[in-house]
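Chemist: A single structure is presented below for examination.
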Amino acid sequence: MATADRLCCWRGGPPSPKTPKSSVVLWSSSSTSSPPPSPGRRRRVGETTPAAVLQAFDRGTSLRPHRLQQKYMAEAVLLAVTKIGSVLGDETAKAIIKKLSEKVQELKELPRKVDQMRMKLTFMSDTIQQIGTVYLTDRPVKSWIGEVRKVAYRVEDVVDKYSYHVLQLEEEGFLKKFFIKSSHYVLVFSEIANEVAVIEKDIQQVILMKDQWLQHSQLVPDQLAAIERQRSQDSFPEFVKDEDLVGIEDNRRLLTGWLYSEELNSTVITVSGMGGLGKSTLVTNVYEREKFNFPVHAWIVVSQIYKVDDLLRKLLWKIGQNVPPVPVEIDKMDEAYYKIHDAFQNLQASRIIITTRKDHVGAIASSDHHLELQPLGQPDAFDLFCRRAFHNKKDHKCPMEFEEIAASIVDRCHGLPLAIVTIASLLSSRPRINIWNQTYNQLRSELSTNDHVRAILNLSYHDLSEDLKNCFLYCSLFPEDYPMSRESLVRLWVAEGFVLSKEKNTPEEVAEGNLMELIHRNMLEVEDYDELGRVSTCKMHDIMRDLALSVAKEEKFGSANDYGDIIQVDQNVRRLSLCRCKVNTALKIKFPRLRSIVGLEIILCTRDILSSILSESKHLTVLELQDSDITEVPAFIGNLFNLRYIGLRRTKVKSLPDSIEKLFKLHTLDIKQTQIEKLPRCIVKIKKLRHLLADRFADEKQSEFRYFIGVEAPKDLSNLEELQTLETVQVSKGFAEQLKKLMQLRSIWIDNVTGADCANLCATLSMMPLLSSLLISARDVNETLCLQALDPISTKLHRLIVRGQWAAGTLEYPIFRNHGEHLKYLALSWCQLGEDPLGVLAPHVPNLTYLSLNRVNSASTLVLSAGCFPHLKTLVLKKMPNVRHLEIGDGALPCIEGLYIVSLEQLDKIPKGIESLLSLKKLWLLYLHREFRTLWQTNGMHQKMQHVPHIRV
């Protein structure tokens, strides 16, 4: 079972009761170790930055599209049936088959045979839904469902091939291609028809197996449960708050006492216990309460796969120490501990807390500093259950008629908080007592073959709709404890075909709804929020990931190769994770059924390995190689007809092959921070492209004005009419005119803008009805940008980033005069706003939640007056050379959560009124006047700012 060992390290010793408390610097797993990024820089997948707004999730602002009534199919069947429906409903496909059938009569029957496959798959899926949950673990039932899954996968493969060749003919001109290459396409579609005929026979055989393998008693329609499941979609409880933690008081008191013992030597404290007991929750709570009583503290995560030197460098870098030489080939947790211990051996009275599931790691501490966490007692367990299950009732009181069944369910959880919260989340929106009884019976069945935690998680998994199951299983392909970004997950799920548009909602909006539902069901955990209160990053609890990996392997959905050699992976795997691994085999590797590669930070010892995998994976849909050690993309990538997602962010790739023009189905191309300067001209032929993300770093230190540079916009960019995201492109001749056809754009980042470009460009941008995010960056630091023509019709434009000098009177232009109240996120760099930029801006943008000023000229004193920026949650002031004083008036910034003051080298006074910011959660005061830190300490500011959990000075 996977584990994640967490080390909370305090250095320098707790203060004596007789001495004043020391100043602190925060480093934790939820904060970055670098200054706030400039607004022009895009967040990396899963990266946590100060730009994120830390706030409670507001369900009123979530993107949760209305769910249509649907049947719950086996996951593989759902994908196959959905794709068949898309193909059969395509009028072009009908015309093509009709024309081809003039040459080969048998092709006339192809659409009918494909539709018959759809009907038979639907019949088998309906049969699966009738199987009572208690029988799902029976061997014959599992075997039959496995056979259904196999044929469904084959159907999906052949339908993808069918749809690709239809699209190819459509994109390249059907009649032209038909007359030139009619014999070729007759052969292609004849092969598809032959495959369909073979699959038809296999489907019929699987249907016959049903009568031989399944008993009539196992088919128990569960209509009431299905109705309740549908009803529950919109009524999940809010997230558990800190004050809702139950049963941790005694253990918290014990740990706190150990922290403040009078021992002068470094002390190791360990907290051990099985997964799901709440070890991390307990230690996190203590850490957040006590960390600012220590001069330095850090929180790091040690996953199963790690490098000791990386851990040491990360830890020592966080606490401001030099990085020592460290051996790299160590793969045991206890050895990792001793290496870190050696780095601290000369420091007195340090406190190190380790949470672990491993007994031998727990034994590192002396017996009087080892806490073996125990399950919750019955009263606390019942209290926790009720807080979640009856979240919308006064005092979370359990109704009398539910008391007996609730107590029985809680008893089955054996006091494990993860199990309690998960099952309570499942039941929270189901007020019928018979549904609770039914759930309890299903739980008893799960318990017959699993431990109590796994049984409850299985129950929660089986309760998911099939599209949610696919989305949930996909998350297991990311590494343990990996922060997954909302945007990336959404694009990957759409590329995989897990979600489709519903009513007026795009597939991306439906996918966001799926993400929120998994979070509400406690199957994913929120890490961070953005300026609109949307989830920005999330992760999987390691026990949830164990469940997902197990199910994914059993259902042939996918495999995460966390440990073994790639040659040991099942050749028929459909999705493969190779994250953070070193692939050094010289053998030719074949995965003929592979549909996704998620390869984050992989190292390929030879260039031939990637080519070997890709050349034999002709059904590949997703190729995610972010942060991997690759320098080129093989030319035959154009043969991967099914490819919908290419992720090459932060690789060393310098160009894309022209064969990419054949990827008619491509939805997402992410080449941010690569070395690609120019897109191939043929990219405009990929008319299904929805997200194009491309730029390169010219200055990694971000000190130059144009530290990132957009790619050159290709001619005929207007062909890409389905584009929703275009980041970042340089202005070129006729660029504004090209944009007039890209009316689906939600986010556009534009670089190399001159004053002469502004009028036409702003006029075009103003006409985009869906625009929500806009970056405009000048050609150089002396270029003046005039935004007078920017008067957007889109009320959704909430994020504006401007880099460069402003024309005089900009704040009187329509973008601020008419639209300022709609802006939530504003980032300005290298501009002149007058003597008091904060005072000037405040009345024009009253609803901002994020504001960043970088290299903005101002007077020596900045003033935040009473009542200004009433909704602001994050404020970044960076590299403002003239600022010597900052004054914060009473009532200013009432909602502020993150204040980042960085590289104001003349700031030699403590910001006046800073202690009045009671909502503050993160405070950075870095690279200021050389006397600032001493001034902060002598004024006892850490004591005055104890209400702020995260402080760096």
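Chemist: Mind listing whichever residues of segment 505-536 are touching a His at 6+ places or on another chain (Cβ under 9 Å), in contact (Cβ under 8 Å) with a residue 60 or more places away in the chain and in a loop (DSSP other than H, G, I, E, B)?
Modeler: ASN522, MET523, GLU531, LEU532, listed by residue number.
Chemist: Since ALA859 meets every condition but one in (1) among the aliphatic types (A, V, I, L, M); (2) open to solvent by less than 40 Å² (accessible area, probe 1.4 Å); (3) at pLDDT 90 or above, which condition does it not meet?
Modeler: The failed condition is (3).
Chemist: Restricting attention to segment 529-540, and to residues there that are out of contact with any helix residue (DSSP H, G or I) (no Cβ under 7 Å at 6 or more places or on another chain) and open to solvent by 20 Å² or more (accessible area, probe 1.4 Å), which single residue is farthest from ASN514 (Cα to Cα)?
Modeler: The extreme case among them is TYR529.
Chemist: Taking the condition open to solvent by 60 Å² or more (accessible area, probe 1.4 Å) and either at pLDDT 85 or above or hydrophobic (A, V, I, L, M, F, W, C) (or both), does ASN639 pass? Show your work before the answer.
Modeler: Values: open to solvent by 60 Å² or more (accessible area, probe 1.4 Å): yes; either at pLDDT 85 or above or hydrophobic (A, V, I, L, M, F, W, C) (or both): yes.
Considered against the rule, which asks whether it is open to solvent by 60 Å² or more (accessible area, probe 1.4 Å) and either at pLDDT 85 or above or hydrophobic (A, V, I, L, M, F, W, C) (or both), ASN639 comes out as yes.
Chemist: Of all the residues that make up segment 397-417, how many are open to solvent by 20 Å² or more (accessible area, probe 1.4 Å), part of a helix (DSSP H, G or I) and closer than 23 Å to GLN438 by Cβ? Can you show your working first?
Modeler: Here is the first cut: in segment 397-417, the residues open to solvent by 20 Å² or more (accessible area, probe 1.4 Å) are 397, 399-401, 403-404, 407-408, 411-412, 414, 417.
This time we only want the ones that are part of a helix (DSSP H, G or I), so: 400-401, 403-404, 407-408, 411-412, 417.
Going one step further and asking which of them are closer than 23 Å to GLN438 by Cβ, we end up with 400-401, 403-404, 407-408, 411-412.
The total comes to 8.
Chemist: Something else about it: Just the residues that are under 11 Å from ARG351 (Cα atoms) and either touching a Pro at 6+ places or on another chain (Cβ under 8 Å) or part of a loop (DSSP other than H, G, I, E, B) (or both), please, taken from segment 248-306.
Modeler: Result: LEU259, TYR260, SER261, GLU263, LEU264, ASN265, SER266, LYS291, PHE294.
Chemist: Take the residues in segment 427-443 that are touching a residue at least 24 places away in the same chain (Cβ under 8 Å) and not in a helix (DSSP H, G or I); name whichever of them is farthest from LEU457 (Cα to Cα). Steps first, please.
Modeler: Step one: list which residues in segment 427-443 are touching a residue at least 24 places away in the same chain (Cβ under 8 Å), which gives 427-430, 432-443.
Then drop every residue that is not not in a helix (DSSP H, G or I), which leaves 428-430, 432.
Values: SER428: 15, SER429: 17, ARG430: 18, ARG432: 21 Å.
Among residues in segment 427-443 that are touching a residue at least 24 places away in the same chain (Cβ under 8 Å) and not in a helix (DSSP H, G or I), the one farthest from LEU457 (Cα to Cα) is ARG432.
Chemist: Inside segment 670-718, can you point out the residues that are closer than 15 Å to PRO657 by Cβ and either part of a helix (DSSP H, G or I) or among the basic types (Lys, Arg) (or both)?
Modeler: Once the filter is applied, which keeps residues that are closer than 15 Å to PRO657 by Cβ and either part of a helix (DSSP H, G or I) or among the basic types (Lys, Arg) (or both), segment 670-718 yields LYS678, ARG681, CYS682, ILE683, LYS685.
Chemist: Could you tell me which of the residues LEU376, LEU384 is in a loop (DSSP other than H, G, I, E, B) and aliphatic (A, V, I, L, M)?
Modeler: Values: LEU384 fails: in a loop (DSSP other than H, G, I, E, B).
Of the residues listed, the single one that is in a loop (DSSP other than H, G, I, E, B) and aliphatic (A, V, I, L, M) is LEU376.
Chemist: Would you call VAL845 out of contact with any helix residue (DSSP H, G or I) (no Cβ under 9 Å at 6 or more places or on another chain) and of a type in the set (A, V, I, L, M)? Explain how you work it out, then say what you get.
Modeler: Numbers: out of contact with any helix residue (DSSP H, G or I) (no Cβ under 9 Å at 6 or more places or on another chain): no; of a type in the set (A, V, I, L, M): yes.
Here the answer is no, as VAL845 does not meet what is asked.
Chemist: Taking segment 645-666, which residues are among the charged types (D, E, K, R), touching a residue at least 40 places away in the same chain (Cβ under 8 Å) and either open to solvent by less than 10 Å² (accessible area, probe 1.4 Å) or in contact with an Asp or Glu (Cβ under 8 Å, 6 or more places away or on another chain) (or both)?
Modeler: Result: ARG649, ARG650.
Chemist: Could you tell me whether SER703 is under 28 Å from GLU632 (Cβ atoms), open to solvent by 20 Å² or more (accessible area, probe 1.4 Å) and of a type in the set (Gly, Ala, Ser)? Talk me through it step by step, then tell me what you get.
Modeler: Working: under 28 Å from GLU632 (Cβ atoms): no; open to solvent by 20 Å² or more (accessible area, probe 1.4 Å): yes; of a type in the set (Gly, Ala, Ser): yes.
Spelling it out, it is not the case that SER703 is under 28 Å from GLU632 (Cβ atoms), open to solvent by 20 Å² or more (accessible area, probe 1.4 Å) and of a type in the set (Gly, Ala, Ser).
Chemist: THR674: modelled with pLDDT under 85 and of a type in the set (Val, Ile, Thr), yes or no? Working first, answer last.
Modeler: Numbers: modelled with pLDDT under 85: no; of a type in the set (Val, Ile, Thr): yes.
No: the conditions fail for THR674.
Chemist: Next question. Residue check: is LYS909 basic (Lys, Arg), surrounded by fewer than 19 Cβ atoms within 10 Å (Cβ to Cβ), farther than 19 Å from ASN854 by Cβ and touching a strand residue (DSSP E or B) at 6+ places or on another chain (Cβ under 8 Å)?
Modeler: yes
Chemist: Tell me which residues, restricted to segment 750-806, are acidic (Asp, Glu) and buried (at least 23 other Cβ atoms within 10 Å of the Cβ). Can you show your working first?
Modeler: Step one: filter segment 750-806 for residues acidic (Asp, Glu), giving 751, 757, 780, 783, 791.
Correct list: ASP751 only.
Chemist: Here's another thing I want to ask about it. Is there any pair linking a residue in segment 841-856 that is more than 19 Å from VAL902 (Cβ to Cβ) to one that is among the β-branched types (Val, Ile, Thr), with Cβ under 6 Å and at least six apart or on different chains, and which?
Modeler: Cβ pairs passing all conditions: THR849/VAL53.
To keep it simple, each residue is scored yes or no on (1) at pLDDT 80 or above; (2) within 26 Å of SER596 (Cα to Cα).
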site	(1), (2)
ARG118	yes, yes
THR133	no, no
ILE145	yes, yes
VAL148	yes, yes
ALA152	yes, yes
ASP157	yes, yes
GLU171	no, yes
LYS176	no, no
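Residue-by-condition table, conditions (1) under 21 Å from ARG289 (Cβ atoms); (2) without any contact (Cβ under 8 Å) to a residue 60 or more places away in the chain:
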site	(1), (2)
LEU918	yes, yes
GLU931	no, yes
THR938	no, yes
ILE951	yes, no
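Chemist: Those residues that are among the small types (Gly, Ala, Ser), modelled with pLDDT of 90 or more and surrounded by fewer than 23 Cβ atoms within 10 Å (Cβ to Cβ), I need them from segment 458-496; list them, please. Spell out the reasoning first.
Modeler: Step one: of segment 458-496, the residues among the small types (Gly, Ala, Ser) are 460, 465, 476, 485, 488, 495.
Add one more test, that the residue is modelled with pLDDT of 90 or more, and what stays is 476, 485, 488, 495.
Selection gives SER485, SER488.
Chemist: Do you know which residues across segment 849-868 are touching a helix residue (DSSP H, G or I) at 6+ places or on another chain (Cβ under 8 Å) and either closer than 25 Å to LEU797 by Cα or aliphatic (A, V, I, L, M) (or both)?
Modeler: Result: LEU851, LEU853, VAL856, LEU862, VAL863, LEU864, CYS868.
Chemist: Here's another thing I want to ask about it. Can you find, within segment 612-622, the residue that is surrounded by the fewest Cβ atoms within 10 Å (Cβ to Cβ) among those that are at pLDDT 80 or above and among the hydroxyl-bearing types (Ser, Thr, Tyr)?
Modeler: Within segment 612-622, the subset at pLDDT 80 or above is 613-622.
Among the residues that remain, those that are also among the hydroxyl-bearing types (Ser, Thr, Tyr) are: 615, 617, 621.
Values: SER615: 17, SER617: 23, THR621: 23.
Filtering first and then ranking leaves SER615.
Chemist: While we're on this one: Just give me the residues in segment 100-121 being under 18 Å from LEU169 (Cα atoms) and either open to solvent by 20 Å² or more (accessible area, probe 1.4 Å) or among the basic types (Lys, Arg) (or both), in sequence order. Steps first, answer last, please.
Modeler: Restricting attention to segment 100-121, the residues satisfying the condition of being under 18 Å from LEU169 (Cα atoms) are 100-104, 107-108, 110-111.
Result: GLU102, LYS103, VAL104, LYS108, PRO111.
Chemist: Does at least one position in segment 881-889 carry a residue that is open to solvent by less than 50 Å² (accessible area, probe 1.4 Å) and part of a strand (DSSP E or B)? Break it down into steps so the answer makes sense when it comes.
Modeler: Here is the first cut: in segment 881-889, the residues open to solvent by less than 50 Å² (accessible area, probe 1.4 Å) are 883, 886, 888-889.
From the residues that got through so far, the ones that are part of a strand (DSSP E or B) too are 886, 888.
Checking segment 881-889: at least one residue is open to solvent by less than 50 Å² (accessible area, probe 1.4 Å) and part of a strand (DSSP E or B).
Chemist: Sticking with this one: Considering each residue of segment 806-843, count those that are outside any helix (DSSP H, G or I), within 15 Å of PRO792 (Cβ to Cβ) and not hydroxyl-bearing (Ser, Thr, Tyr), and give that number. So that I can check it myself, show each step before the final result.
Modeler: From segment 806-843, those outside any helix (DSSP H, G or I) are 806-809, 813, 818-819, 823-836, 842-843; that's our starting set.
If we keep only those that are within 15 Å of PRO792 (Cβ to Cβ) too, we end up with 813, 818-819, 823-826.
Now narrow it down to the ones that are not hydroxyl-bearing (Ser, Thr, Tyr): 818-819, 823-824, 826.
The qualifying residues number 5.
The values are calculated or read from the model by the stated rules, or taken from the named source; none is laboratory data. These figures come from a predicted structure and were not determined experimentally. Virtual Cβ from ideal backbone geometry, glycine too; neighbours counted across all protein chains shown. Just the protein is used for accessible areas: all its heavy atoms, side chains included, with ligands, DNA and RNA removed. Shrake-Rupley method; radii C 1.70, N 1.55, O 1.52, S 1.80 Å.
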